[in-house]
Each structure stands twice: as C-alpha cells, then as structure tokens.
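Structure first, then comments.
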C-alpha cells in the first residue's frame, strides 16, 4: 500500500507473480539454448547449473522477496533521495540515479547507496505493489518534482 507524507512516497513491495513468470521464461530460454548447443557436455552441464543457481537467486531475492537482503520497502523523497528497508530490517539511504526504467508493467529503480559503492537496482513489478502506488511511482520517475 502507498502512504504519502509531505515530500515522500512510501512503497511497500510484495511478491510478484509477473516477475516469477518472466524470470522462469528467461532462464528457461537460456537453458534450452544450452541444451541445443553442440559444445562439450561437461561445459554445457556446468553452464546449466549456473543458470539454475542464477534463477533460484533471482526468484528468492527479486520475485519472492524471501532473501534477508531483499528490499521490501522504498521511501522516495524529493530530490531523488531514497530510504530502503530490507527484509531483515536493515535501513539504507541512497540516491536515485538517472536511467531508471519506467513502463506500465513495472519499474527498475537505479540507485547508489549513500555510503558509496556500486550502482544497484530494485525491480518493482506491477503486481508487487498497490495499483495506486505503481501509478504514483511511474509519474514521479517520469516527472520529478
């Protein structure tokens, strides 16, 4: 559900069936390509294991939000400031970076933690948030205040 405070939008993220299906389809396509690849069978099996591990990690972290480090709430403030809360309760401050992807079916937030480090991403699928929240987030990213 979305809560709005002066200058802030709070977005609670839930599990996403849409993202689950997309991840299964993409990783299944990669696994199918590897099975049809005429390369060495040992290499093919190793790559299939890597695809399976990547699928399980993506499902657990992004689609099902069961990983302790999975973002479960995003507070978007004016000026592109973010507060991210993970499943284990850890709170982090960050800055929204240009290049976030906005579409009717979902949003990919591109951000960097205030403490520095690499650029990170948070996938917000359409069915992972309340419809009003999804709409407000898309509008704010397309037309920043």
**Prompt:** Does anyone have the angle between helix 17-36 and the longest principal axis of the chain? Alpha-carbon axes, 0 to 90°, nearest 10?
**Reply:** 30 degrees
**Message:** Output needed: percent of Cα pairs per 10 Å distance bin for the range 50-122, bins running from 0 to the one holding the longest distance.
**Reply:** 19, 47, 31, 3, 0
**Prompt:** For the chain, modelled as a GNM with alpha-carbon contacts under 10 angstrom, which of 54, 103, 118 fluctuates the most?
**Reply:** 118
**Asked** So what's Rg/Rh here for the range 85-145, counting alpha carbon atoms and using the Kirkwood radius for Rh?
**Response** 0.98
**Prompt:** Going by how many other beta carbons lie within 10 Å of each one, how would you line up 93, 137, fewest first?
**Reply:** 93, 137
**Complete:** Listed residues 94, 28, 46; largest mean-square fluctuation, Gaussian network over the chain with Cα springs below 10 Å, found at 46
**Asked** In the Gaussian network model of the chain, springs joining C-alpha atoms below 10 Å, which of 89, 32, 78 carries the largest mean-square fluctuation?
**Response** 32
**Message:** Can you tell me the orientation of helix 131-142 relative to the chain, as the angle in degrees between its alpha-carbon axis and the longest Cα principal axis, to the nearest 10?
**Reply:** 80 degrees
**Item:** Extension gain, residue 143 back to residue 105 (0.36 nm per residue minus Cα-Cα distance, nm)
**Value:** 11.9 nm
**Message:** Run the Debye formula on the Cα coordinates of the range 17-63, all scatterers equal and no solvent, and tell me log10 I(q)/I(0) at q = 0.13, 0.22, 0.28 1/Å.
**Reply:** -0.30, -0.71, -0.96
**Prompt:** Per residue of the chain, what 222 nm ellipticity follows from adding -39500 (n - 2.57) for every DSSP H run with n ≥ 4, rounded to the nearest 500?
**Reply:** -11500 deg cm²/dmol
**Complete:** To the nearest 10 degrees, the tilt of helix 41-58 (Cα long axis) against the first principal axis of the alpha carbons of the chain is 20 degrees
**Compactness index (Cα Rg / 2.2 N^0.38 Å), the chain** = 1.19
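Every read-out reported here was derived from the displayed coordinates using simple, explicitly stated rules and does not represent laboratory data. The shown structure was predicted, so the numbers you read here are calculated from the model rather than taken from an experiment. Every residue, glycine as well, gets a Cβ built from its backbone with ideal geometry; the counts of neighbours run over all protein chains shown.
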